[in-house]
Amino acid sequence: MKKISIEHLARLEGNGGVTATIDGKVVTEVKFVVNEGPRLVERLTLGKTPEEDVNIVPRICAICTLSHKYAALRAMEKALDVKVPPKVTLLRELMHLGEMVESHSLHLYFLALPDYVGFPNAVAMASKFGFEVKIALEMKHFGNHIMKTMSGRFIHGENPVIGGFGKFPSREELILIKNRAIQFMPFALKTAKLFAELDYPDCPEAETQYACCKPSGNKFGFVGDEIIISNGDVIDSQDYKSLTNEFIVSHSYCKRSLYKEKPYSVGALARVNNLGERLTGETGKMYKKYFSPRWKKNPLFNNAAQALELLYSFERIPGVVDEALKLPDASIVPYIKKDGKGAGAVEAPRGTLFHYYEISKGRVASADIVTPTAQNAEDIERYCYLTAQKLLETGQEDKIRDRMDLVVRSFDPCISCSVHMAQVKKAPEEDWKEKLADLKKKQMPIFVGLGISNRSDDSACLELASKLRQQGVPDVLMESEIEENDTLHEKSPERSLIFLDAIDFGGNPGRIALIPLQHLIWDSVLSHRLLPLVSSQLDYAQLKNSFVLGIQPETIQEGGEISRPVREAMEKILEEIKI
Amino acid sequence: MQQDKLKIGIYELTGCAGDALLILDCEDELVNIFKAANIQSFLMAKSDNIDGELDVALVEGSVSTEKELGELLEIRKRSKFVVAIGICATLGGVQANFLDPREWKENYQKVYGQVEMTNTKALQPKPIDAYVKVDYYLPGCPIGKEQFLSTFARLLAGNPPELYNFPVCVECKWHENDCLLNKDILCLGPLTAAGCGSVCTDHNLPCVGCWGPTGEANRTSEFNLLLEKGFALDLIKNKMANFSGTKIAEFFAQLKGEKR
């Protein structure tokens, strides 16, 4: 049994991992796990004052601290009906751009680039890219400087408050920020070109949905009262739950999201894919030069999108400063703590972030926070699966671990919101037994026998199903008995659905594997008659609870007998399922 | 040479990773930190981490899962000194806001329902000294750069850290700010340990208490002062509890002659 594992991938924060389990030619399981302990932030803000809430919630994440602050402020101001003066809006944009510069320059040069130029880390990379590493560090430092100037500290600054700022930056401080931003432009242009021209592998490539904030006035930007999705849908940010639909999976403390029952991605690539046509100036030119349809289906292009956004940020900062300098400082807008509710959406560097609060009697009565990594988790798992499966089929098993790492890292996950540790492991010989026992523990699954009678091993699972019936197992169905409009999960979606089928997954004849159905559906190579049968009838939650219990056939010749190894496998399965 | 340097490990439990990030943000000094000590493990900064014997372990975050508890016990075993860094490790932090275990459990179930987690079991978040002996504490949310660098330098020289044993008010006076209490704004400065450089009051905003309670002797009278100003007892207590986690009950118990 071979197990490929990777050292703790350092240079990121938090605690998590991705594991792919492979059996012969198929990937039987991919899990994106977040081991960070649960903090129940939404619960512990209940009963706090709105001001205290705004102090507490940025502590969710040190890297996205100001995005959390900003989203919380927007939600609270919506709930309390506070309108801030234009200067406050502009300076909040500046502080947010500071975070974008800090996070993107750190991610691009210190986390992502070493992988593409063949170095283990940024320090080693400095031997060849000394200049880039040095300037990138200055760029990150500049982002930190903006954050500190605007918020009071590098991390968790309290200066932005409901209704404005405790203290406004001086004219000199703002002009310094503007001038330094202009000085960084040549390097920002170089960065956009460097990352647009990297040789991104074409695995994984698959369509997905993208979502991001839709800024007003046909501009590019990082906040909006509406959310735009790549299929053209536009949602009011107050109605964000129709996008996020959070649910829980048992292998991770990070919640999950699906839009219209399908995974979606948020982040720099989502923003550039949805709003790229709005980019102007040097960033607009770069976008027109480098954007291609591949960006719409390959998560690795997120790095190119981040570099474009970095350029956008440097190009935008001088304008923000100029506009802000024309306006007078404003004292904090007074407000009464009336009852109300409101959602606030902003684009954190790694994707759309939602905060929602209900205020009652001056206290937080309800809170909901949806982070970008929670929304990306399903797509991270899906793209890792596609990567592992594709590389496995093309005989590049040795590349799986590194490539999955690249995929996960391209999402720039943040696991207070993510160190990840990519791992590839071989399925143990009989691990289907354990998994099946787990599924049975909840409730006896529904079984569906698939196959073609009178066609040697392909008929095995039809015979298996009828034997299960004879043994008194309830709800065993045959392929021929399923009508087009049957709802297989009708009663409880918690009850799993298991298809019994002879499938070629590269094992020795008689080998048994329990494979999640969604993996087979996502992948064209393994799709067969199952696909049309089930995809129209199962919603995503049910799909996630559906499996194929496959037996590797020896032969599927017309008219033959069921082979001996397959017969033995059938006996094993009967033994495990019996009541 | 390498053998003579102190062996140091920096570890992260549950939290926002802000303390480790702040160490990374000491960009100008970082090279010297890495040169002056033998940094054996620092997951956020480097990949060639070794889990061996240590002179000093700096631990951030609260213990919030069984897996983390195991890691912490193992770190303690192989370290001569353990330093809790940041409010989560020293006092439990914002996530340790539910004091009663039953209250925490109820709230946990409201978020995660009855889903049985297969990765690791969650524990009620607690500061690290709930489980292991802690030699030194470095508070803050996040820790302050100056205080971290001075502590680090003292540890390297074999000296214990020296923190301010007075409240934020002292730093605020150094900066010649107007007292917010005079404007009837509830500021936790009098009750909160100094070390942040009075950053909030420097921005005309009240102290939120993110450094935790001060160890200063006069804290009972400081507390009474706030009550005399007319701030409600619950309001002060709740505000103080925001960052100070499960330890806040001890603080209140130690206040003597508090008016109700």
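The values are calculated or read from the model by the stated rules, or taken from the named source; none is laboratory data. These numbers come from a predicted model, not from an experiment. When we count neighbours, we look across all protein chains shown, and the Cβ atoms used for this are built from the backbone with ideal geometry, even at glycine.
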Considering only residues that are surrounded by fewer than 21 Cβ atoms within 10 Å (Cβ to Cβ) and either assigned to a loop (DSSP other than H, G, I, E, B) or touching an Asp or Glu at 6+ places or on another chain (Cβ under 6 Å) (or both), which ones fall in region B:188-202? B:G197
Could we say that A:V26 is at pLDDT below 95 and more than 13 Å from chain B (Cβ to nearest Cβ) here? yes
Given (1) in contact with a strand residue (DSSP E or B) (Cβ under 7 Å, 6 or more places away or on another chain); (2) over 18 Å from B:A249 (Cβ atoms); (3) small (G, A, S), where does B:G70 come up short, assuming only one miss? (1)
Looking at (1) part of a loop (DSSP other than H, G, I, E, B); (2) of a type in the set (A, V, I, L, M); (3) modelled with pLDDT of 95 or more, which one does A:A343 not meet, given that it meets all the others? (1)
Looking at A:L258, A:L174 in this structure, which one is crowded, with 20+ Cβ neighbours inside 10 Å, closer than 30 Å to B:K121 by Cβ and more than 14 Å from chain B (Cβ to nearest Cβ)? A:L258
Among the residues of region B:1-50, how many are of a type in the set (S, T, N, Q), assigned to a strand (DSSP E or B) and more than 7 Å from chain A (Cβ to nearest Cβ)? 3
Tally time: how many residues in region B:52-63 are under 24 Å from the mean Cα position of the chain (by Cα), more than 18 Å from A:R59 (Cα to Cα) and of a type in the set (D, E, K, R)? 1
May I ask you to verify whether B:L227 is in a helix (DSSP H, G or I) and touching a helix residue (DSSP H, G or I) at 6+ places or on another chain (Cβ under 7 Å)? yes
Kindly provide the set of residues from region B:64-86 that are at pLDDT below 95, farther than 20 Å from B:I50 by Cα and either away from every other protein chain (no Cβ under 14 Å) or crowded, with 16+ Cβ neighbours inside 10 Å (or both), ordered by number. B:S64, B:T65
Which count do you get for residues in region A:184-201 that are assigned to a loop (DSSP other than H, G, I, E, B) and closer than 23 Å to A:L94 by Cα? 0
Scope region B:208-224; condition out of contact with any strand residue (DSSP E or B) (no Cβ under 9 Å at 6 or more places or on another chain) and part of a loop (DSSP other than H, G, I, E, B); matching residues: B:A217
Check A:E77, A:E99, A:E93 and return the single one that is more than 13 Å from chain B (Cβ to nearest Cβ) and either at pLDDT below 95 or within 27 Å of the chain's Cα centre (by Cα) (or both). A:E93
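Here's the yes/no breakdown for (1) surrounded by 22 or more Cβ atoms within 10 Å (Cβ to Cβ); (2) over 26 Å from A:L108 (Cα atoms); (3) under 32 Å from the mean Cα position of the chain (by Cα):
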site: A:P318; (1), (2), (3): no, no, no
site: A:V321; (1), (2), (3): yes, no, no
site: A:L327; (1), (2), (3): no, yes, no
site: A:A330; (1), (2), (3): no, yes, no
site: A:G340; (1), (2), (3): no, yes, yes
site: A:R363; (1), (2), (3): no, yes, no
Working carefully through the options A:A211, A:A181, A:A206, find the one that is surrounded by 15 or more Cβ atoms within 10 Å (Cβ to Cβ), in a loop (DSSP other than H, G, I, E, B) and among the small types (G, A, S). A:A206
Filter region A:26-53 down to the residues that are outside any loop (DSSP other than H, G, I, E, B), under 25 Å from B:E66 (Cα atoms) and β-branched (V, I, T) and list them by number. A:V30, A:V33, A:V34, A:V41
Within region B:148-180, restricting attention to residues that are part of a helix (DSSP H, G or I) and either in contact with a Pro (Cβ under 8 Å, 6 or more places away or on another chain) or small (G, A, S) (or both), which residue is nearest to the other protein chains (Cβ to nearest Cβ)? B:L180
Name the helices (runs of 4 or more DSSP H) wholly within region A:54-127 that hold at least 3 residues that are closer than 16 Å to B:C16 by Cβ and not aliphatic (A, V, I, L, M)? A:65-79, A:86-105
When A:F168 is evaluated against the numbered criteria (1) in contact with a Ser or Thr (Cβ under 8 Å, 6 or more places away or on another chain); (2) modelled with pLDDT of 95 or more; (3) assigned to a loop (DSSP other than H, G, I, E, B), which criterion, by number, is the only one it fails? (1)
With the condition kept exactly as written, say whether any residue in region A:42-60 is more than 14 Å from chain B (Cβ to nearest Cβ) and either touching a helix residue (DSSP H, G or I) at 6+ places or on another chain (Cβ under 9 Å) or at pLDDT 95 or above (or both). no
Against the condition surrounded by fewer than 18 Cβ atoms within 10 Å (Cβ to Cβ), farther than 20 Å from A:K140 by Cβ and within 14 Å of another protein chain (Cβ to nearest Cβ), how does B:G61 come out, does it pass? no
List, please: which pairs have Cβ atoms under 9 Å, are six or more places apart or on different chains, and start with a residue in region A:471-489 that is at pLDDT below 80 and end with one that is assigned to a loop (DSSP other than H, G, I, E, B) and charged (D, E, K, R)? A:E479/A:R529; A:H489/A:R495; A:H489/A:D539
Would you confirm, using the coordinates I've provided, whether A:D368 is part of a helix (DSSP H, G or I), modelled with pLDDT under 95, on the phi < 0 side of the Ramachandran plot and of a type in the set (D, E, K, R)? no
Verdict on B:T220 being in the same structural domain as B:W174 (by TED's automatic domain parsing), among the hydroxyl-bearing types (S, T, Y), more than 16 Å from the chain's Cα centre (by Cα) and farther than 18 Å from B:I85 by Cβ: yes
